[in-house]
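The values are calculated or read from the model by the stated rules, or taken from the named source; none is laboratory data. Every value quoted in this text rests on a predicted model; they were computed, and no experiment measured them. Positions of Cβ are generated from backbone atoms using ideal geometry, with glycine treated the same way; all protein chains shown enter the neighbour counts. Only protein heavy atoms, including side chains, enter the accessible area calculation; ligands, DNA and RNA are left aside. Shrake-Rupley method; radii C 1.70, N 1.55, O 1.52, S 1.80 Å.
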Amino acid sequence: MVEDILASPPQTVWRALTVPELAADWLGATPDDASADHRDGSEPGFAIEESAPDEGRVVYRWRDGAGAAASVSRVTVEIAPAGDGATWFRLTHEAPARAPRAANMNGPPLASAA
């Protein structure tokens, strides 16, 4: 989790978080959409899953990598007015779910406690 006070007003921060082109620049990622077919998927990507302006919350589906190696997680950003034209900002990144490892996979055996 990252929490900070930003020197910009909430309306400006909200726009930067919810307009895909602006969010892409700010987040350093590429929007995952149909117009991005030319990408190889190796750079991080995001899609807005949920946008609640009244609550000051936006949730992204975050993708790192491509194909079978890609991991998908969720990033939640919350904002609120902080006085003097500033914005309180909190970003929470949930770790991607890990698939269980099959006991019979073709790999080295796992040690067990005796």
Projected label distance in nm at Glu21 and Arg61, using a 7 Å step from Cα toward the beta-carbon: 2.4
Just the accessible area for Val19, please: 1.4 Å probe, Å², rounded to the nearest 10? 40
What accessible area, in Å² to the nearest ten, does a 1.4 Å probe give for Glu94? 90
Read phi for every residue in region 23-30 and hand back ³J(HN,Hα) as whole Hz from Karplus 6.51 cos²θ - 1.76 cosθ + 1.60, θ = phi - 60°, with x for Gly and Pro. 4, 4, 5, 6, 8, x, 9, 10
Amide H contacts under 5 Å for Ala82, placed H, 5+ residues apart: Thr87, Trp88
